[in-house]
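The block underneath contains the structure these notes are about, expressed in structure tokens.
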Amino acid sequence: MKISEIIPYVLTEELEKEFYFSQWEYSNRKICIVKIISDNGLIGWGEAYGPAPVVKECIDYIKQNIIGMNPLESDVIWSILFRRVHDYGRSGVFLSAISAIDVAIWDIKGKYHKLPVASLLGGSYREKIRPYATGLYFSDSKTLTQDLCDEAIGYVNDGFKSIKMKVGLNVDDDEKNVKAVRDAIGFDIELMIDANHAYSYDEALKLSKRLENIEIKWFEEPLSPEFYDQYSDFKAKSQIPVAAGECEYLRYGFQKLLDKNCIDFLQMDICSCGGLTEAKRITSLSSTKGVKVIPHTWGSGIAFFAAINFISNLEPIPGRLYQEDAYIEYDRTENKIRENVIKNNILMKDGYIKTNTLPGLGIDVDENYLNEIKI
Ligand SMILES: [Mg+2]
């Protein structure tokens, strides 16, 4: 089997209603996905997390290096791609490009062996995964606090047992919004907060202190990803556990986060950290420190199913008779591409999503829809 073609696409959809987080606003969705075709007709799909048009150029730039290679040799392919961009691609868009290709290669490997990617990664430890709802973004609504409460109650009614909300406006408003949402959903539902690195060290500590008695499961990206020492100090002082990793790359980057004891939850994005191949290596590193892995998951159903397979294979640490749930991030903001690019329905039942039992990633891409919305 040989790789004969690698085709990146940029997909785009305008949003009906724009929303924003602590850094900028979203008015449309743009996602880079990649199709890899092998000479025996098998097709693999992958996705990149990052600025889609730029990543597409990166995929076009690096793809010639692996045309003709056997997709079963995924480690070798990964290494060849990485060595070609090593001098200027140890973080950022080139790694998103490699990640997308790597995910597609794993999809082909699974289809070739007629096994789910989770099985090829070493097997599935579980039959179901607990999704947490990502939502509760900001808007310019005059009734933002009430809107957030209503949205959160909607997720509870949908069956979610865990919800993540945005913070990062300012400490006072965040405190008011988070406490209101906690009051609205009660203490039986888990609540996480995500600042997308909007805070200084002092501000983050202040907010953590003010929220420490209302059971926040984690405080995500309180600080800028460059400030490893601040993360380390913050984690030592914050009663709320710390999560980060969506802006980190490769095992070398995550080693720094782990060695400096920066985090309680490690959140690599499979579609930018270096793909499934590198995410598995990063997980080995985190297991040496007992840090839990809950990947950052964004974008389309392709990225979602890559995460489902990966999370299925996450070793339960610590082991015990009744395992705690493994989590998957399930973005609930408006994104037609997420639901429509795959024909599969992402079914949540009783607050859980079943793991994949189909070959490869387990997805069926709707190429008619893809051709309609590609740029
Ligand atoms: Mg985040």
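The values are calculated or read from the model by the stated rules, or taken from the named source; none is laboratory data. Everything quoted here is computed from the prediction, not taken from an experiment. Reconstructed Cβ throughout: ideal geometry from the backbone, glycine too, with neighbour counts over all protein chains shown.
Some observations on this one:
- The set of residues from the range 331-375 being among the basic types (K, R) and in contact with an Asp or Glu (Cβ under 6 Å, 6 or more places away or on another chain) comprises K336, K343.
- Number of residues in the range 147-178 that are basic (K, R) and crowded, with 19+ Cβ neighbours inside 10 Å: the value is 2.
- Failed condition for A204, given (1) closer than 12 Å to I240 by Cα; (2) of a type in the set (A, V, I, L, M); (3) under 21 Å from the mean Cα position of the chain (by Cα): (3)
- Output for the range 147-168, where each listed residue is within 15 Å of the ligand (Cβ to nearest atom) and closer than 21 Å to H197 by Cα: I163, K164, M165, K166, V167, G168
- Verdict on Y49 being at pLDDT 95 or above and not assigned by TED's automatic domain parsing to the domain that holds L276: yes
- The residue that is surrounded by the most Cβ atoms within 10 Å (Cβ to Cβ), among those in the range 127-146 that are within 16 Å of the ligand (Cβ to nearest atom) and more than 30 Å from G319 (Cα to Cα), is L136.
Here's the yes/no breakdown for (1) surrounded by fewer than 20 Cβ atoms within 10 Å (Cβ to Cβ); (2) of a type outside the set (G, A, S); (3) not in a helix (DSSP H, G or I):
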position: N40; (1), (2), (3): yes, yes, yes
position: K56; (1), (2), (3): no, yes, no
position: Y61; (1), (2), (3): yes, yes, no
position: D87; (1), (2), (3): yes, yes, yes
position: L95; (1), (2), (3): no, yes, no
position: V103; (1), (2), (3): no, yes, no
position: K109; (1), (2), (3): no, yes, no
position: A118; (1), (2), (3): no, no, no
position: Y125; (1), (2), (3): yes, yes, yes
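- The set of residues in the range 356-375 being at negative phi, not aliphatic (A, V, I, L, M) and not in a loop (DSSP other than H, G, I, E, B) consists of E367, N368, Y369, N371, E372, K374.
- Residue match in the range 195-211 (condition: polar (S, T, N, Q) and free of Cβ contacts under 8 Å to residues at least 60 places away in the same chain): yes
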